[in-house]
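Undergrad: Got a structure for you, questions after.
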Amino acid sequence: MTSDGPQIPEQTANQQDPGRMPPRVRIAPSPTGDPHVGTAYIGLFNYVFARKHGGTFILRIEDTDRVRSSLSSEQAIISALQWLGLTWDEGPDVGGPHAPYRQSERLDLYKRQAQVLLDKGAAYRCFCTKARLDELREQQRASKAAHYGYDRHCRELDPAQSQARAEAGETHVVRMKMPTVGETVVVDGLRGSIHRANAESDDQVIVKSDGFPTYHLANVVDDHDMGITHVIRGEEWISSTPKHVVLYEMFGWEPPRWYHIGLLRNPDKSKLSKRKNPVSIDYYRDLGYLPETLLNFLGTLGFSFGDDKERFSVAEMTEVFDWSKVSTGGPVFDQAKLAAFNADDIRALSIDELHARVMATVLSEDRIKAMLTVAQQRIDLLDDLIPYVSFFFGGSVDLAPVLPKFRIKKRSRADVTGILERYLEDIELDARARGFTGEGLEAFSREFCERHQWKARELFTLLRLAVTGRTASPGLFETLQICGKDRVRRRIREVIAVLRAGEDW
RNA sequence: GGCCCUGUGGUCUAGCGGUUAGGACGGCGGCCUCUCACGCCGCAAUCCCGGGUUCAAGUCCCGGCAGGGUCACCA
């Protein structure tokens, strides 16, 4: 299976000597939403590490979650990473020696490997129902149990009987048979040895009832198959890494080296989340951050260049990169500092360069034409254009003049705030709205109104006020489309914050 | 709650037994200037706590505490 992949001299691959063979690293985003800055952050470290050592940087799409994954999200991730310039050597779009690079297209491999584990007695079929598991979890929570995991109910079922039940069509999952004694050590290149008693880990599901593998199986199988030498990923994975180590042992494979990078945080120190901070790479792109600036900023989080230098390019970072310069704490993603970096970089551009950047982004031909299309009927002089379309630009909009208009007859302040919050959330859930085209948004929005028993007129007014800061604008949905998803979301979020802070009416 | 990770100004970080604890963002004050912005100068602000070890601890050890992650048929 890996006959063409390099065998990794793991024994010699210590921190001083990253291995004689060039490293192979990957990022493995899940295409379940907008491209996340966390992906860019982890991608940066993987990219730099690979380039530093003349290795290979791979993009693998982890789309084993059948219900949440979408091709549009995958495309968005690819284009966001391309915008940043983190180019990969192998991936779903460019192919490579270990294609396919999309997990949904590698099902046979996982199925085969799961069978290997089953045959070895290292895994077993579990027929427990969702209801039983929910109840179990509930009980554990209620009784404040020391351990919350699966109770291994099906672990000792007779394999032959299990197989017969499976063949008879009984729905089941496959779980790994975690050792119940001893401990597993994860050697982390950043944090040293992490010990964990095996009894702490439960029998993780490795194949779901729909036949798709879970992350744990797919990730181990693919990393091995693709010859991944160093797994550089987020800290959130630390607690399941012992399971991964055990999986490698069960297969008899040499594990990669692990490096767990600290998680990006919200200002309140919790894990970075879209409710508390813009997390979409698209947001930063569409609001006019420079890609090299975003990368530089990300580079200063968790990594220190040395010599008090913090403005550096990816190429420079690559030159001096060393794990000893990487810290393990979870850095807060500070918008103000990013903005300051961006301001500096804009100032450093020549006028010609600046012009080129602006024309390629906020004033791109497509965008201007879209604006002209909606402005044509509404301006009398050519010179009226810019004032008229001003709300298509910039982050926030001045709400002060329209704030009183948010008061809608027979609706409380809480009603208004609530419906806007709900709208913001539901955009994510609806495929048409997610695409953010005028048509899709309109269909979604009308349905949304019906569902919540709001008149279209009421909600649409709120949206217009929130997004444009005006009582009159071009058609709402074409306006939303041109503004773009991230600007729209930001402005709605800001309105919500303002309304929430105010007195009831 | 169990387990695990982390702990230098508000934030990102440097430091690796002896430093006036350095830089950056932000804040504050000033200079420049027709205004604003830029730019420049300056100021305030930090070693989580408690024990050890040591002539000497932000740096080493132990114990607390705090924050975070994770305990899914999501990754």
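Yes or no, residue by residue, for (1) outside the structural domain of A:Leu44 (by the TED database); (2) surrounded by 22 or more Cβ atoms within 10 Å (Cβ to Cβ); (3) free of Cβ contacts under 8 Å to residues at least 60 places away in the same chain:
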position	(1), (2), (3)
A:Thr229	yes, yes, no
A:Arg233	yes, no, no
A:Ser239	yes, no, yes
A:His244	yes, yes, yes
A:Ile261	no, yes, no
A:Pro267	no, no, no
A:Glu316	no, no, yes
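Undergrad: So, in region A:210-233, exactly how many residues are within 8 Å of RNA strand B (Cβ to nearest atom) and touching a helix residue (DSSP H, G or I) at 6+ places or on another chain (Cβ under 9 Å)? Give the derivation first.
TA: Step one: of region A:210-233, the residues within 8 Å of RNA strand B (Cβ to nearest atom) are A:210, A:212-216, A:218-219.
Those still in the list that are touching a helix residue (DSSP H, G or I) at 6+ places or on another chain (Cβ under 9 Å) too: A:212-213, A:215-216, A:218-219.
Matching residues across region A:210-233 total 6.
Undergrad: Can you give me the number of residues within region A:464-496 that are touching a Phe, Trp or Tyr at 6+ places or on another chain (Cβ under 8 Å) and outside any helix (DSSP H, G or I)?
TA: Number of matching residues: 4.
Undergrad: Specify which of the listed residues (A:Ala114, A:Ala146, A:Ala197) is more than 8 Å from RNA strand B (Cβ to nearest atom) and assigned by the TED database to the domain that holds A:Tyr248.
TA: Going through A:Ala114, A:Ala146, A:Ala197 in turn, the sole match is A:Ala114.
Undergrad: Further question: Just the residues that are touching a residue at least 40 places away in the same chain (Cβ under 8 Å) and surrounded by fewer than 16 Cβ atoms within 10 Å (Cβ to Cβ), please, taken from region A:422-437. Lay out the reasoning, then the answer.
TA: Just the residues of region A:422-437 that are touching a residue at least 40 places away in the same chain (Cβ under 8 Å), to begin with: A:423-424, A:427-428, A:431, A:434-437.
Residues satisfying the conditions are A:Glu428, A:Ala431, A:Gly435, A:Thr437.
Undergrad: Select from region A:241-295 the residues that are aromatic (Phe, Trp, Tyr), in a loop (DSSP other than H, G, I, E, B) and closer than 29 Å to A:Arg24 by Cβ and list them in ascending order.
TA: We begin by selecting, within region A:241-295, every residue aromatic (Phe, Trp, Tyr); these are A:248, A:251, A:253, A:258-259, A:283-284, A:289.
Filter again for in a loop (DSSP other than H, G, I, E, B), leaving A:253, A:289.
Within region A:241-295, just A:Trp253 meets the criteria.
Undergrad: Moving to a separate point now. Report whether or not A:Gly95 is at pLDDT 95 or above, out of contact with any Lys or Arg (no Cβ under 9 Å at 6 or more places or on another chain) and at positive phi.
TA: When the stated conditions are applied, A:Gly95 passes them.
Undergrad: Taking region A:27-64 as the region of interest, how many residues are within 11 Å of RNA strand B (Cβ to nearest atom), part of a loop (DSSP other than H, G, I, E, B), modelled with pLDDT of 95 or more and not β-branched (Val, Ile, Thr)?
TA: Of the residues in region A:27-64, 7 are within 11 Å of RNA strand B (Cβ to nearest atom), part of a loop (DSSP other than H, G, I, E, B), modelled with pLDDT of 95 or more and not β-branched (Val, Ile, Thr).
Undergrad: Might you check whether a residue that is more than 30 Å from A:Glu421 (Cα to Cα), aromatic (Phe, Trp, Tyr) and more than 9 Å from RNA strand B (Cβ to nearest atom) occurs anywhere in region A:237-248?
TA: The answer is yes, given that some residue of region A:237-248 is more than 30 Å from A:Glu421 (Cα to Cα), aromatic (Phe, Trp, Tyr) and more than 9 Å from RNA strand B (Cβ to nearest atom).
Here is a yes/no grid of residues against (1) exposed (fewer than 12 other Cβ atoms within 10 Å of the Cβ); (2) of a type in the set (A, V, I, L, M, F, W, C); (3) out of contact with any Asp or Glu (no Cβ under 7 Å at 6 or more places or on another chain); (4) closer than 24 Å to A:Val220 by Cα:
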residue: A:Trp83; (1), (2), (3), (4): no, yes, yes, no
residue: A:Asp89; (1), (2), (3), (4): no, no, yes, yes
residue: A:Val94; (1), (2), (3), (4): no, yes, yes, yes
residue: A:Ser104; (1), (2), (3), (4): no, no, no, yes
residue: A:Leu117; (1), (2), (3), (4): no, yes, yes, yes
residue: A:Lys144; (1), (2), (3), (4): yes, no, yes, no
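The values are calculated or read from the model by the stated rules, or taken from the named source; none is laboratory data. Small disclaimer: the values here were computed from a predicted structure and weren't measured. We place every Cβ from the backbone using ideal geometry, glycine too, and count neighbours over all the protein chains shown.
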